[in-house]
Structures are given as C-alpha cells and as structure tokens.
Amino acid sequence: MAEILQYIHKDTFLHRLHPYTKIAFIIIVSLMCLVSTSLVFLTLMVVAMLAFAAYSRLLAESLQQLKMIILMSFIFILITLLTIPDGDILGYLIPPGIPVLGGSIPITLGGLTVGCILTLRFIILIFAFQLFLISTQPRDLVHAMEKVGLPIDYILMFIIALRFIPTLQIEGQRIHEAQLARGYNPGTGFIGKIRSVAPIVIPLVSNALLRSNVLGLTIDMRGYRTGRKTHVRERVLARGDYAVMGVLAVAICSFIALFMAKMI
C-alpha cells in the first residue's frame, strides 16, 4: 500500500542534506512555480523534479500518489473550464447533438490554459513537499524548527499531525480488510464506496482517540513538561548543502532575470 508522508530510510544524496537546505529548496521551488504562468517553464520544472527524484533514488516513492495527482488535475481543469469561459472555443464538454443540454459547456482556450497552469503548479508542489517529507527524519525536522525559534508546543502539534496521517491511512486499510474478511459487502461502484465509509470511519476515530490518550501519557512520562531537552544527534551543514544552496541561488537569480524580461 502506498503510504503518504511517510519517511523512507535510505542513504541517498537527498537524505544526507540538512533540513534547512531542503526547506530552502521547497521555498524557492514554490515561489517559482506560483509566480510563473508559462506552461513551458512549469513543464520543465515538473521534468526537473522527476529527474531530481530519480537521482535521489526516490522516483518510485514520489509516484506512489500518481492516481491522486491525476484525479486532482482532472478536477482542476474541469473547474477552470466551468468558471473561466474566456478565449476561443475549442469544443464542448457536452456535444451539441445532445438535446437541451448540448453545447452548453464550452471548452475555451483560456480556461484550458489556466487549468493546465494550476495542474502543473499542484504537481510541482506535491513532488517538492513529498520529497522533503520522505527524505527527512521527524527528529531532524523538530531540531531544525526548534533552532529557528518556533515554540516547541506548535512543533509538537505539527509533528504529531504529520505522523498521524500515514498511521491513520494504514489503520483505515486494515479496518477495511477486516470488514471484507467478515463478509461485509458494500457493493461496487460509487455507491459501494460511499457505503464502505461508515464501517471504517467509526472504528478509525475510536482508535485515533485511544491512541491520542496513550500519546499524551507517553509525552508526560518522557518529561516533556519539564522544558529540558536533549538531542541524540546534531545535524550540521556539509559540502553538499553548500553546493545545493549555490545552485538554488543561481536558479532564483536566473528566474528573476527571466521574469523581469517577461520570458516566463
């Protein structure tokens, strides 16, 4: 099963980078993809993200959520076609030959362009954040956030929420398999998926509440409220971090120059 936001233990170039370097990478990539409106540039960014994931031996893990990305991309394009009827008409979602509703939803060049831009931005952001999360240990992320002065309470809430996502995903899958093993048949198709939600959500929420109670007791037993913290390992910036920082600096300067020249 493809787990989301789950750290993957590997010895790769991306894993060895400092969390600060990865955070700078996410910020710069996010700014560039959100500012740019060029389909060519955004497509090249997607290709670059895939190449970087392949170089870091994390391409297969990055593509685990490909079905979700395709579904969300289709939704983005559909919404823009329905809400932005600008530009030349390329066709119709409902063929003109159909009575009454035929030809009522045009596919315009402007709406399709905006939908593709939003889709590419979504893909870039998903890949960037997923590469960051699957290559960064939670303890390293905690130390990095703590050093920049963030309150430890907010850091704890963020990490717990982040860790609960894959945990709940695995738990939900196990509950679903247990229901099927007991002979529960919700049916097929869209209606069957809706019927299968209730038998999963109720025990899932119950288990999550029980786990949160155990987690609270564990935090107290480890002396969280004393305020004294010790770190097993301290991460420092290495040569690879400085090299990546240099590449990011060149990339952002080049992007600014191209943007000012209105080329992207």
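The values are calculated or read from the model by the stated rules, or taken from the named source; none is laboratory data. Note that this is a predicted model, so its numbers are computed, not measured. Don't worry about glycine lacking a Cβ; one is built from the backbone with ideal geometry, like all the others, and counts go over all protein chains shown.
For the stretch 10-27, which residues satisfy the criterion of being over 16 Å from the mean Cα position of the chain (by Cα) and either surrounded by 20 or more Cβ atoms within 10 Å (Cβ to Cβ) or not aromatic (F, W, Y) (or both)?
The initial filter retains those residues of the stretch 10-27 that are over 16 Å from the mean Cα position of the chain (by Cα), namely 10-21, 24.
Passing the criteria: K10, D11, T12, L14, H15, R16, L17, H18, P19, T21, A24.
In the stretch 231-264, what count of residues is obtained for those that are over 19 Å from V29 (Cβ atoms), of a type outside the set (K, R) and either touching a residue at least 12 places away in the same chain (Cβ under 8 Å) or not in a loop (DSSP other than H, G, I, E, B) (or both)? First the steps, then the outcome.
Applying the first criterion (over 19 Å from V29 (Cβ atoms)) to the stretch 231-264 yields 231-239, 260-262.
This time we only want the ones that are of a type outside the set (K, R), so: 231-232, 234, 236-238, 260-261.
If we keep only those that are either touching a residue at least 12 places away in the same chain (Cβ under 8 Å) or not in a loop (DSSP other than H, G, I, E, B) (or both) as well, we get 231-232, 234, 236-238, 260.
Final tally of qualifying residues: 7.
Give N207, N213 a once-over and let me know the one that is buried (at least 16 other Cβ atoms within 10 Å of the Cβ), free of Cβ contacts under 8 Å to residues at least 60 places away in the same chain and outside the structural domain of Y7 (by TED's automatic domain parsing).
N207
If you go through the stretch 184-197 one residue at a time, do you hit one that is part of a loop (DSSP other than H, G, I, E, B) and touching a Ser or Thr at 6+ places or on another chain (Cβ under 6 Å)? Give the derivation first.
Pass one, the stretch 184-197, residues part of a loop (DSSP other than H, G, I, E, B): 184-188, 196-197.
Narrowing the set further to residues that are touching a Ser or Thr at 6+ places or on another chain (Cβ under 6 Å) leaves 186.
For the stretch 184-197, residues part of a loop (DSSP other than H, G, I, E, B) and touching a Ser or Thr at 6+ places or on another chain (Cβ under 6 Å): present.
Taking S36, is it buried (at least 17 other Cβ atoms within 10 Å of the Cβ) and either closer than 27 Å to H143 by Cα or in the same structural domain as G246 (by TED's automatic domain parsing) (or both)? Reasoning before the result, please.
Working: buried (at least 17 other Cβ atoms within 10 Å of the Cβ): yes; either closer than 27 Å to H143 by Cα or in the same structural domain as G246 (by TED's automatic domain parsing) (or both): yes.
Taking the combined requirement at face value, the residue satisfies it.
Pick out the one residue from V142, V114 that is over 18 Å from I27 (Cβ atoms), among the β-branched types (V, I, T) and modelled with pLDDT of 85 or more. Working first, answer last.
On the way: V142 fails: modelled with pLDDT of 85 or more.
The match here is V114.
Could you please find all residues in the stretch 182-196 being within 27 Å of Q6 (Cα to Cα) and surrounded by fewer than 13 Cβ atoms within 10 Å (Cβ to Cβ)? Please lay out each step first, then the result.
First pass over the stretch 182-196, keeping only residues within 27 Å of Q6 (Cα to Cα): 193-194, 196.
Answer for the stretch 182-196, where residues must be within 27 Å of Q6 (Cα to Cα) and surrounded by fewer than 13 Cβ atoms within 10 Å (Cβ to Cβ): K193, I194.
Which residues, counting only those in the stretch 3-43, are outside any helix (DSSP H, G or I) and of a type outside the set (A, V, I, L, M, F, W, C)? Please lay out each step first, then the result.
First pass over the stretch 3-43, keeping only residues outside any helix (DSSP H, G or I): 3-12, 17-18, 36-38.
Those that are outside any helix (DSSP H, G or I) and of a type outside the set (A, V, I, L, M, F, W, C): E3, Q6, Y7, H9, K10, D11, T12, H18, S36, T37, S38.
For L162, which of the numbered conditions (1) at pLDDT below 75; (2) within 25 Å of the chain's Cα centre (by Cα) fails to hold?
(1)
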